[in-house]
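Scroll down for the structure; my scribbles are underneath it.
The values are calculated or read from the model by the stated rules, or taken from the named source; none is laboratory data. Treat the numbers as computed from the prediction; the structure is a model and nothing was measured. Glycine also receives a Cβ, built like all others from the backbone with ideal geometry; neighbour counts cover every protein chain displayed.
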Ligand SMILES: NC(=O)c1ccc[n+]([C@@H]2O[C@H](COP(=O)([O-])OP(=O)(O)OC[C@H]3O[C@@H](n4cnc5c(N)ncnc54)[C@H](OP(=O)(O)O)[C@@H]3O)[C@@H](O)[C@H]2O)c1
(Lines give C-alpha, C1' and ligand atoms only; values in the text may rest on other atoms or scores of the structure.)
Protein backbone atom coordinates (compact mmCIF):
# COMPACT_ATOMS: atom_id res chain seq x y z
CA UNK A 1 0.00 0.00 0.00
CA UNK A 2 0.97 3.66 -0.14
CA UNK A 3 1.53 5.72 2.99
CA UNK A 4 3.10 8.96 4.13
CA UNK A 5 6.41 7.57 5.35
CA UNK A 6 8.63 9.36 7.84
CA UNK A 7 11.90 10.63 6.36
CA UNK A 8 15.00 12.17 7.90
CA UNK A 9 14.62 15.57 6.26
CA UNK A 10 12.02 18.35 6.60
CA UNK A 11 9.02 18.21 6.32
CA UNK A 12 9.71 14.63 7.33
CA UNK A 13 7.16 12.75 5.20
CA UNK A 14 6.96 11.44 1.65
CA UNK A 15 4.44 9.24 -0.13
CA UNK A 16 5.82 5.76 -0.73
CA UNK A 17 5.14 2.01 -0.54
CA UNK A 18 5.05 0.11 2.77
CA UNK A 19 3.72 -3.29 3.84
CA UNK A 20 0.00 -3.47 4.58
CA UNK A 21 -0.79 -3.43 8.32
CA UNK A 22 -1.62 -6.79 9.92
CA UNK A 23 -4.56 -6.24 12.29
CA UNK A 24 -4.61 -7.71 15.79
CA UNK A 25 -7.76 -9.71 16.67
CA UNK A 26 -9.38 -6.59 18.17
CA UNK A 27 -8.57 -4.39 15.17
CA UNK A 28 -10.51 -3.79 11.97
CA UNK A 29 -8.68 -3.16 8.73
CA UNK A 30 -9.95 0.17 7.41
CA UNK A 31 -9.50 1.47 3.85
CA UNK A 32 -8.69 5.09 4.68
CA UNK A 33 -10.34 7.86 2.66
CA UNK A 34 -9.30 10.86 4.77
CA UNK A 35 -7.17 11.67 7.81
CA UNK A 36 -6.49 14.79 9.80
CA UNK A 37 -3.24 16.42 10.83
CA UNK A 38 -2.74 17.15 14.49
CA UNK A 39 -0.16 19.58 15.76
CA UNK A 40 1.27 17.01 18.19
CA UNK A 41 1.90 14.30 15.59
CA UNK A 42 3.33 16.81 13.13
CA UNK A 43 5.74 18.11 15.78
CA UNK A 44 6.70 14.49 16.56
CA UNK A 45 7.69 13.69 12.97
CA UNK A 46 11.41 14.53 13.39
CA UNK A 47 11.57 12.14 16.35
CA UNK A 48 9.95 9.16 14.65
CA UNK A 49 11.94 6.31 13.12
CA UNK A 50 12.64 6.76 9.42
CA UNK A 51 10.29 4.61 7.34
CA UNK A 52 7.51 4.50 9.96
CA UNK A 53 3.90 5.57 9.37
CA UNK A 54 2.29 8.00 11.78
CA UNK A 55 -1.29 9.30 11.96
CA UNK A 56 -3.95 9.22 14.67
CA UNK A 57 -7.27 10.16 13.01
CA UNK A 58 -8.81 8.25 10.10
CA UNK A 59 -12.09 7.94 8.26
CA UNK A 60 -12.88 5.32 5.64
CA UNK A 61 -14.58 1.97 5.10
CA UNK A 62 -14.15 -1.31 6.98
CA UNK A 63 -12.31 -3.65 4.61
CA UNK A 64 -12.02 -6.57 7.08
CA UNK A 65 -13.89 -6.54 10.40
CA UNK A 66 -12.01 -7.43 13.60
CA UNK A 67 -11.34 -11.16 13.94
CA UNK A 68 -12.71 -11.19 17.51
CA UNK A 69 -16.17 -10.26 16.19
CA UNK A 70 -16.20 -6.79 17.77
CA UNK A 71 -16.90 -3.59 15.84
CA UNK A 72 -18.76 -2.81 12.63
CA UNK A 73 -19.03 -5.22 9.65
CA UNK A 74 -17.22 -4.92 6.31
CA UNK A 75 -18.43 -2.03 4.16
CA UNK A 76 -19.34 0.25 7.11
CA UNK A 77 -18.18 3.86 6.85
CA UNK A 78 -16.19 4.52 10.01
CA UNK A 79 -14.00 6.99 11.84
CA UNK A 80 -11.32 5.87 14.21
CA UNK A 81 -8.41 6.73 16.45
CA UNK A 82 -5.15 4.82 16.32
CA UNK A 83 -1.77 5.42 18.00
CA UNK A 84 0.04 5.21 14.63
CA UNK A 85 -0.73 4.36 11.02
CA UNK A 86 -3.65 6.56 9.91
CA UNK A 87 -1.69 8.38 7.18
CA UNK A 88 -1.98 5.42 4.82
CA UNK A 89 -4.29 3.63 2.39
CA UNK A 90 -5.08 1.03 5.06
CA UNK A 91 -5.01 1.29 8.86
CA UNK A 92 -5.53 -1.35 11.56
CA UNK A 93 -7.78 0.37 14.11
CA UNK A 94 -8.90 -1.05 17.48
CA UNK A 95 -12.67 -1.45 17.54
CA UNK A 96 -12.69 0.26 20.96
CA UNK A 97 -11.90 3.53 19.14
CA UNK A 98 -13.88 2.93 15.95
CA UNK A 99 -17.43 4.06 15.22
CA UNK A 100 -19.83 4.24 12.25
CA UNK A 101 -20.20 7.58 10.47
CA UNK A 102 -23.81 8.75 10.10
CA UNK A 103 -25.02 9.41 6.54
CA UNK A 104 -25.23 13.14 7.21
CA UNK A 105 -21.51 13.39 8.03
CA UNK A 106 -18.82 13.32 5.34
CA UNK A 107 -15.64 11.29 5.66
CA UNK A 108 -13.64 14.52 5.66
CA UNK A 109 -15.66 15.98 8.55
CA UNK A 110 -15.42 12.70 10.48
CA UNK A 111 -11.65 12.51 10.00
CA UNK A 112 -11.28 15.82 11.83
CA UNK A 113 -12.94 14.52 15.00
CA UNK A 114 -11.05 11.74 16.78
CA UNK A 115 -8.10 13.46 18.46
CA UNK A 116 -9.44 17.01 18.70
CA UNK A 117 -12.95 15.87 19.64
CA UNK A 118 -11.97 13.24 22.20
CA UNK A 119 -9.41 15.58 23.79
CA UNK A 120 -12.06 18.28 24.10
CA UNK A 121 -14.60 15.87 25.57
CA UNK A 122 -12.11 14.51 28.11
CA UNK A 123 -11.06 18.00 29.18
CA UNK A 124 -14.66 19.13 29.63
CA UNK A 125 -15.68 15.97 31.45
CA UNK A 126 -12.84 16.60 33.93
CA UNK A 127 -14.63 19.84 34.79
CA UNK A 128 -17.89 18.03 35.53
CA UNK A 129 -21.22 19.72 34.89
CA UNK A 130 -20.19 23.06 33.37
CA UNK A 131 -23.75 24.45 33.11
CA UNK A 132 -23.50 28.13 34.07
CA UNK A 133 -19.83 27.83 34.95
CA UNK A 134 -17.01 30.11 33.76
CA UNK A 135 -14.93 28.19 31.22
CA UNK A 136 -11.79 29.55 29.60
CA UNK A 137 -10.38 28.02 26.43
CA UNK A 138 -6.78 29.10 25.77
CA UNK A 139 -5.81 28.48 22.13
CA UNK A 140 -9.44 28.80 21.07
CA UNK A 141 -8.55 29.31 17.40
CA UNK A 142 -6.84 25.90 17.10
CA UNK A 143 -8.15 22.48 16.13
CA UNK A 144 -8.82 21.43 19.73
CA UNK A 145 -9.78 24.91 20.87
CA UNK A 146 -12.61 25.43 18.37
CA UNK A 147 -14.19 22.08 19.20
CA UNK A 148 -13.77 22.53 22.97
CA UNK A 149 -15.35 25.97 22.69
CA UNK A 150 -18.42 24.64 20.87
CA UNK A 151 -18.85 21.73 23.27
CA UNK A 152 -18.51 23.99 26.33
CA UNK A 153 -21.11 26.35 24.85
CA UNK A 154 -23.45 23.47 24.05
CA UNK A 155 -23.06 22.25 27.64
CA UNK A 156 -24.27 25.61 28.95
CA UNK A 157 -21.02 27.18 30.12
CA UNK A 158 -20.14 30.87 29.95
CA UNK A 159 -17.21 30.55 27.57
CA UNK A 160 -14.24 32.89 27.28
CA UNK A 161 -11.93 32.37 24.32
CA UNK A 162 -8.32 33.37 24.92
CA UNK A 163 -6.59 34.28 21.67
CA UNK A 164 -3.49 35.93 20.27
CA UNK A 165 -5.32 38.17 17.82
CA UNK A 166 -8.73 39.32 18.98
CA UNK A 167 -9.49 41.44 15.92
CA UNK A 168 -8.83 38.52 13.58
CA UNK A 169 -10.76 35.87 15.49
CA UNK A 170 -13.54 37.50 17.53
CA UNK A 171 -16.36 37.25 14.98
CA UNK A 172 -15.57 33.63 14.18
CA UNK A 173 -15.32 32.53 17.81
CA UNK A 174 -18.46 34.37 18.89
CA UNK A 175 -20.20 32.56 16.04
CA UNK A 176 -19.03 29.28 17.54
CA UNK A 177 -20.45 30.19 20.94
CA UNK A 178 -17.84 32.30 22.75
CA UNK A 179 -19.40 34.76 25.21
CA UNK A 180 -16.14 36.69 25.53
CA UNK A 181 -13.00 36.83 23.42
CA UNK A 182 -9.83 38.24 25.00
CA UNK A 183 -6.10 38.58 24.43
CA UNK A 184 -5.44 39.29 28.12
CA UNK A 185 -6.70 37.11 30.93
CA UNK A 186 -8.90 38.75 33.53
CA UNK A 187 -11.05 37.33 36.31
CA UNK A 188 -11.33 33.77 37.52
CA UNK A 189 -12.54 30.59 35.84
CA UNK A 190 -14.06 27.38 37.15
CA UNK A 191 -12.53 25.41 34.30
CA UNK A 192 -9.56 26.40 32.16
CA UNK A 193 -8.58 24.28 29.18
CA UNK A 194 -5.08 25.31 28.11
CA UNK A 195 -4.22 24.26 24.56
CA UNK A 196 -1.29 26.70 24.26
CA UNK A 197 1.15 25.98 27.10
CA UNK A 198 4.31 27.88 28.01
CA UNK A 199 3.77 31.43 29.27
CA UNK A 200 0.01 31.09 28.71
CA UNK A 201 -0.05 28.13 31.10
CA UNK A 202 1.73 30.25 33.73
CA UNK A 203 -0.77 33.09 33.34
CA UNK A 204 -3.70 30.68 33.47
CA UNK A 205 -2.58 29.29 36.84
CA UNK A 206 -3.23 32.74 38.34
CA UNK A 207 -6.85 32.69 37.16
CA UNK A 208 -8.18 29.42 38.58
CA UNK A 209 -11.22 30.06 40.77
CA UNK A 210 -11.67 28.47 44.19
CA UNK A 211 -12.24 24.74 43.62
CA UNK A 212 -11.55 25.36 39.94
CA UNK A 213 -9.56 23.22 37.58
CA UNK A 214 -6.89 23.96 34.98
CA UNK A 215 -6.57 21.19 32.40
CA UNK A 216 -3.08 21.26 30.93
CA UNK A 217 -3.16 19.59 27.55
CA UNK A 218 -0.70 21.57 25.43
CA UNK A 219 2.56 20.08 24.34
CA UNK A 220 5.24 21.90 26.36
CA UNK A 221 8.75 22.55 25.06
CA UNK A 222 11.36 20.39 26.82
CA UNK A 223 13.19 23.33 28.38
CA UNK A 224 10.16 25.57 28.94
CA UNK A 225 10.21 27.44 32.25
CA UNK A 226 7.04 29.19 33.36
CA UNK A 227 6.51 31.81 36.01
CA UNK A 228 3.42 32.63 38.03
CA UNK A 229 2.67 34.32 41.30
CA UNK A 230 2.15 31.53 43.78
CA UNK A 231 0.00 33.81 45.95
CA UNK A 232 -2.47 34.05 43.07
CA UNK A 233 -2.75 30.26 43.02
CA UNK A 234 -2.81 29.98 46.81
CA UNK A 235 -5.75 32.34 47.18
CA UNK A 236 -8.03 29.78 45.47
CA UNK A 237 -8.73 26.92 47.89
CA UNK A 238 -9.14 23.61 46.15
CA UNK A 239 -7.66 24.85 42.87
CA UNK A 240 -6.25 21.96 40.84
CA UNK A 241 -3.98 21.53 37.82
CA UNK A 242 -4.53 18.35 35.83
CA UNK A 243 -2.35 17.05 32.99
CA UNK A 244 -4.40 15.31 30.34
CA UNK A 245 -3.19 12.69 27.88
CA UNK A 246 -5.98 11.87 25.47
CA UNK A 247 -4.68 8.41 24.48
CA UNK A 248 -4.25 7.31 28.11
CA UNK A 249 -7.64 8.66 29.12
CA UNK A 250 -9.49 7.17 26.17
CA UNK A 251 -7.96 3.75 26.95
CA UNK A 252 -8.96 4.10 30.60
CA UNK A 253 -12.51 5.23 29.84
CA UNK A 254 -13.28 2.36 27.45
CA UNK A 255 -15.79 4.71 25.86
CA UNK A 256 -13.80 5.73 22.79
CA UNK A 257 -16.26 4.21 20.37
CA UNK A 258 -19.37 5.66 22.00
CA UNK A 259 -17.67 9.04 22.37
CA UNK A 260 -16.86 9.06 18.65
CA UNK A 261 -20.52 8.26 17.95
CA UNK A 262 -21.48 11.13 20.25
CA UNK A 263 -19.23 13.59 18.41
CA UNK A 264 -20.54 12.42 15.01
CA UNK A 265 -24.14 12.80 16.18
CA UNK A 266 -23.43 16.39 17.24
CA UNK A 267 -22.01 17.11 13.77
CA UNK A 268 -24.99 15.39 12.10
CA UNK A 269 -27.36 17.53 14.22
CA UNK A 270 -25.55 20.72 13.22
CA UNK A 271 -24.46 21.37 16.82
CA UNK A 272 -20.75 20.86 16.21
CA UNK A 273 -18.70 22.10 13.26
CA UNK A 274 -15.29 20.42 13.02
CA UNK A 275 -13.90 23.66 11.59
CA UNK A 276 -11.89 22.33 8.70
CA UNK A 277 -9.86 25.22 7.29
CA UNK A 278 -7.73 23.14 4.98
CA UNK A 279 -8.89 20.18 2.89
CA UNK A 280 -6.45 18.86 0.33
CA UNK A 281 -5.09 15.73 -1.32
CA UNK A 282 -2.49 13.77 0.62
CA UNK A 283 -0.22 14.48 -2.36
CA UNK A 284 -0.10 17.99 -0.89
CA UNK A 285 0.89 16.81 2.60
CA UNK A 286 4.10 18.80 2.68
CA UNK A 287 2.44 22.17 2.14
CA UNK A 288 -0.42 21.26 4.50
CA UNK A 289 2.03 20.37 7.29
CA UNK A 290 3.91 23.59 6.69
CA UNK A 291 0.69 25.63 6.82
CA UNK A 292 -0.26 24.03 10.15
CA UNK A 293 3.18 24.49 11.71
CA UNK A 294 3.47 28.10 10.53
CA UNK A 295 -0.07 28.81 11.80
CA UNK A 296 -1.29 29.99 8.39
CA UNK A 297 -4.45 27.99 9.11
CA UNK A 298 -6.54 27.62 12.23
CA UNK A 299 -9.01 24.86 13.02
CA UNK A 300 -8.43 21.47 11.42
CA UNK A 301 -6.50 20.29 8.35
CA UNK A 302 -7.77 17.13 6.61
CA UNK A 303 -6.11 15.28 3.75
CA UNK A 304 -7.96 13.01 1.32
CA UNK A 305 -6.36 9.71 0.37
CA UNK A 306 -6.90 10.03 -3.37
N1 LIG B 1 -2.67 16.19 25.82
C2 LIG B 1 -3.26 15.64 24.76
O3 LIG B 1 -3.68 14.50 24.80
C4 LIG B 1 -3.40 16.47 23.52
C5 LIG B 1 -4.32 16.12 22.52
C6 LIG B 1 -4.46 16.96 21.41
C7 LIG B 1 -3.67 18.13 21.33
N8 LIG B 1 -2.77 18.39 22.31
C9 LIG B 1 -1.94 19.61 22.28
O10 LIG B 1 -2.83 20.71 22.38
C11 LIG B 1 -2.28 21.82 21.70
C12 LIG B 1 -3.30 22.33 20.70
O13 LIG B 1 -3.50 21.34 19.69
P14 LIG B 1 -4.22 21.73 18.34
O15 LIG B 1 -4.29 20.50 17.53
O16 LIG B 1 -5.43 22.52 18.65
O17 LIG B 1 -3.12 22.71 17.71
P18 LIG B 1 -3.34 23.89 16.67
O19 LIG B 1 -4.53 23.64 15.84
O20 LIG B 1 -2.02 24.09 16.01
O21 LIG B 1 -3.69 25.17 17.58
C22 LIG B 1 -2.70 25.81 18.33
C23 LIG B 1 -3.35 26.93 19.12
O24 LIG B 1 -2.37 27.53 19.96
C25 LIG B 1 -2.33 28.93 19.69
N26 LIG B 1 -0.93 29.36 19.86
C27 LIG B 1 0.15 28.79 19.30
N28 LIG B 1 1.25 29.43 19.72
C29 LIG B 1 0.84 30.40 20.57
C30 LIG B 1 1.49 31.38 21.34
N31 LIG B 1 2.81 31.50 21.31
N32 LIG B 1 0.74 32.20 22.10
C33 LIG B 1 -0.61 32.09 22.12
N34 LIG B 1 -1.29 31.17 21.40
C35 LIG B 1 -0.56 30.35 20.65
C36 LIG B 1 -2.81 29.08 18.28
O37 LIG B 1 -3.27 30.41 18.08
P38 LIG B 1 -3.17 31.16 16.64
O39 LIG B 1 -4.38 30.69 15.86
O40 LIG B 1 -3.21 32.60 17.00
O41 LIG B 1 -1.89 30.73 16.00
C42 LIG B 1 -3.92 28.05 18.27
O43 LIG B 1 -5.08 28.55 18.91
C44 LIG B 1 -0.99 21.34 21.06
O45 LIG B 1 0.08 21.67 21.93
C46 LIG B 1 -1.16 19.84 20.99
O47 LIG B 1 0.07 19.15 20.99
C48 LIG B 1 -2.62 17.58 23.38
Checked region 265-274 for anything touching a helix residue (DSSP H, G or I) at 6+ places or on another chain (Cβ under 8 Å), part of a loop (DSSP other than H, G, I, E, B) and either without any contact (Cβ under 8 Å) to a residue 60 or more places away in the chain or away from the ligand (no atom under 16 Å from the Cβ) (or both); matches are 271
With criteria (1) surrounded by fewer than 21 Cβ atoms within 10 Å (Cβ to Cβ); (2) over 17 Å from residue 133 (Cα atoms); (3) in contact (Cβ under 8 Å) with a residue 12 or more places away in the chain; (4) more than 16 Å from the ligand (Cβ to nearest atom), residue 240 comes up short on (2)
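Check every one of the strands (runs of 3 or more DSSP E) wholly within region 1-110 and list those with 3 or more residues that are more than 22 Å from residue 276 (Cα to Cα).
Here the list reads 2-6, 13-17, 27-37, 57-64, 90-94.
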When you scan region 127-139, do you find a residue that is over 19 Å from residue 276 (Cα atoms), away from the ligand (no atom under 14 Å from the Cβ), at pLDDT 95 or above and buried (at least 24 other Cβ atoms within 10 Å of the Cβ), even just one? yes
Requested in this report: Check region 247-261 and report whether any residue there is farther than 20 Å from residue 152 by Cβ, without any contact (Cβ under 8 Å) to a residue 40 or more places away in the chain, loosely packed, with under 13 Cβ neighbours inside 10 Å and under 16 Å from the mean Cα position of the chain (by Cα).
Outcome: yes
Taking region 151-178 and keeping only residues that are surrounded by fewer than 24 Cβ atoms within 10 Å (Cβ to Cβ) and farther than 22 Å from residue 296 by Cα, one is left with 153, 154, 155, 156, 158, 177
Discussion item. Among the residues that make up region 247-264, is at least one of them modelled with pLDDT of 95 or more, away from the ligand (no atom under 16 Å from the Cβ) and farther than 30 Å from residue 70 by Cβ?
Written reply: no
Residue match in region 262-284 (condition: surrounded by fewer than 16 Cβ atoms within 10 Å (Cβ to Cβ) and under 20 Å from residue 135 (Cα atoms)): yes
Notebook entry, point to check: Looking at this structure, is residue 116 modelled with pLDDT of 95 or more and either surrounded by fewer than 24 Cβ atoms within 10 Å (Cβ to Cβ) or under 27 Å from residue 293 (Cβ atoms) (or both)?
Noted result: yes
- prompt: Regarding residue 65, is this residue more than 13 Å from the ligand (Cβ to nearest atom), at pLDDT 95 or above and farther than 21 Å from residue 303 by Cα?
  reply: yes
Report yes if residue 285 is assigned to a helix (DSSP H, G or I) and more than 23 Å from residue 35 (Cα to Cα), otherwise no. no
Could you please let me know if residue 113 is under 20 Å from the mean Cα position of the chain (by Cα) and in contact (Cβ under 8 Å) with a residue 12 or more places away in the chain?
yes
Those residues of region 210-224 that are more than 15 Å from the ligand (Cβ to nearest atom) and without any contact (Cβ under 8 Å) to a residue 12 or more places away in the chain come to a total of 1
Going through region 181-205 in order, the residues found to be touching a residue at least 12 places away in the same chain (Cβ under 8 Å), over 27 Å from residue 47 (Cβ atoms), within 16 Å of the ligand (Cβ to nearest atom) and touching a helix residue (DSSP H, G or I) at 6+ places or on another chain (Cβ under 9 Å) are 181, 182, 183, 185, 191, 192, 205
Scanning region 8-30 for residues that are out of contact with any helix residue (DSSP H, G or I) (no Cβ under 9 Å at 6 or more places or on another chain), buried (at least 19 other Cβ atoms within 10 Å of the Cβ) and within 18 Å of residue 303 (Cβ to Cβ) gives 30
